Amino acid sequence: MTEWDRALNYIDGRWEEGSSGEFAENINPATNEVLGTVTLSTTEDVNRAVRAAEAAFRKWRLVPAPRRAQVLYRVGELLRQRKEQLARILTQEMGKVLEEARGEVQEAIDMAFYMGGEGRRLFGQTTPSELPNKMALSVREPVGVVGLITPWNFPIAIASWKSLPAIVAGNTVVWKPATETPFMAREFVKIYEEAGLPPGVLNLVYGSGSVVGEALVEHPGVQVISFTGSNEVGRSIAAKAGARLKRVSLEMGGKNAVIVMDDANMSLAVDAILWGAFGTTGQRCTATSRVIVHRSVKAQLEQMLLDRIPGLPIGNGLDEHVRIGPVINAVSLRRIHDYVQIGLQEGARLLTGGHTVEPSGLRGFYYAPTVFTDATADMRIAQEEIFGPVVTLIPVDSLEDAIQVNNRVAFGLSSSIFTQDVNRVFTAMRDLDTGIVYVNAGTTGAEIHLPFGGTKGTGNGHRDSGQAALDVFTEWKSIYVDFSGTLQRAQIDVGNV
Ligand code: UN1
């Protein structure tokens, strides 16, 4: 291991150890080998990072937004140049297969150029005043210091959804990435540094949620928390931040379904289900976790899935022919297997999978692609987020039932319908209650210029990415300019025209 194999904090433009003096291991989930270590921080490190961010904010907010955006364009360019190298690091520390890792880096590249463009937009409104010789406008202002808490499953894409809009809007950032994927965070921060971001604008503090995350949520100097992770942690952040009137944006997973109607293009639906359920080894918030299938095509769908699954090689994602990589760690593997036992006890029928696998020569964390069928909508495997390569088929008899089953879960991130009938399409577009709806496409694959997030237990009304991200990281200011030289009273001096 070299010095550079130790991931360090980045505070006020300096790379340094966390003050706990402790390090955690960064494990490659494909091989169970140690890639390096990551420093662990204390509340004191968070305090210093917030102080640095507060000091930097005083200047950064006054840099014209188009100039802030120039840094983002350079970030996009550096990401583009290093796409392959970043994808390899991503595959090694997170496990997703190389093709998907490249796709994830591309998502960050797209976001950098898109948000770079915002430097010349950040539009507000101008509107007539109700009074003569007076003008009215609204502008977006940065909020201040923002705290970002990001997960391991999309370590650079989700970090890009949050940090780029925050920074282009003039905020400064303290970022706590997941300790499972520290090197991607380090590489991203190095790119910001090389792109010319001034010290203190983006600070990186590694550590656990219970120490570093908690300190960010509690700190009075942090104005906004943007979090992606589990429902349980999100709820506790919301409660604590609520008591401090702190703005919180939460994205907390899904229980996403593909609906397959009796008139679906079946081979397209099967492609989409396999990609949505087993891509990223099921570890996406948007993963296809349920298939709501019209009873008349259920047997056909089961057979088509059974025919195709053996053609999905499992192994180390660095190997280009592998389609399913490992899950993130042993705890996750155990949790997935526990859910399979629950499904069996509940009486769902296991069509295939349901066990760990050991691709030859690899000591990583692998689970077979698993399909349950003949489940009912209220079973736990049809209700709870599993975050692994497990998908559950639920038969229904009509579109109405399908929509009802889709909506009868605590989450509301993504949903999809396969049908050729335009009336069914528009009914589903209106009645599926998720934040993202796909027609004749699977549940994954959100593009960065649209809002990303969901309803019910998935979120709290905010969205990542798209224009909507700016709403999380800006405060509206309404400005009235009176050039009449007299006291003009709104609502009172209404005139008589
Ligand atoms: C996530 O799973 O948390 O839509 C993000 C998708 C990706 C992003 C997923 N673009 O599947």
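FYI, it's all coordinate maths here, none of it is from the lab. All of these numbers come straight from a predicted model, not from anything done at the bench. All Cβ positions, even for glycine, are placed from backbone atoms using ideal geometry, and neighbour counts span all protein chains on display.
Spacing of the modelled spin labels on LEU268 and PHE123, each 7 Å from Cα toward Cβ, amounts to 3.3 nm. Overall, the range 256-439 carries a charge dipole of about 400 debye about its Cα centre when +1 sits on the Cβ of Lys and Arg and -1 on the Cβ of Asp and Glu, all other atoms neutral.
State, as an integer percentage, the relative contact order of the chain based on alpha-carbon contacts under 8 Å between residues 6 or more apart. Result for the chain is 18 percent.
For the range 144-199, relative contact order (Cα pairs under 8 Å, six or more residues apart, normalised by length) works out to 41 percent.
Taking trypsin sites (Lys or Arg not before Pro) across the range 208-292, the ones in a DSSP loop with at most 16 further Cβ atoms lying within 10 angstrom of their Cβ are ARG244. Measuring how big the range 57-195 is from its alpha-carbon positions, Rg and Dmax come out at 17.5, 64 Å. Partners of LYS96 within straight-line reach, counting aspartates and glutamates whose Cα lies under 18 Å from its Cα and excluding those fewer than 8 residues away in the same chain: GLU33, GLU84, GLU104, GLU107, GLU180, GLU187, ASP319, GLU320, GLU358. Summary: within the chain, the longest segment free of GluC sites (Glu not before Pro) located in DSSP loops with at most 13 other C-beta atoms within 10 Å is 131-319. Available extension along the chain between ALA490 and GLU447 is 11.1 nm, counting 0.36 nm per residue and deducting the alpha carbon span.
Averaging the sequence gap over all C-alpha pairs within less than 8 Å and six or more residues apart, then dividing by the number of residues, gives the range 1-113 a relative contact order of 23 percent. Taking 15 Å as the straight-line reach from the Cα of LYS246, the aspartates and glutamates in range (excluding those fewer than 8 positions away in the same chain) are GLU214, GLU218, ASP471, GLU475.
At q = 0.09 Å⁻¹, what log₁₀ I(q)/I(0) does the chain have when each alpha carbon counts as one equal point scatterer in the Debye sum? Debye intensities relative to I(0), on a log10 scale: -0.64. 3J(HN,Hα) along the range 303-320, derived from phi through the Karplus expression 6.51 cos²θ - 1.76 cosθ + 1.60 where θ = phi - 60°, amounts to 5, 5, 5, 4, 5, 8, 4, x, x, 10, x, 9, x, 6, x, 6, 7, 4 Hz, with x in place of Gly and Pro.
Max-minus-min Cα coordinates of the range 317-363 on each principal axis give 37, 23, 15 Å, with the largest extent listed first.
For the range 256-439, take the alpha-carbon Rg, divide it by the Kirkwood Rh, and send me Rg/Rh.
On the way: Rg = 15.8 Å, Rh = 16.4 Å.
My calculation puts Rg/Rh at 0.96.
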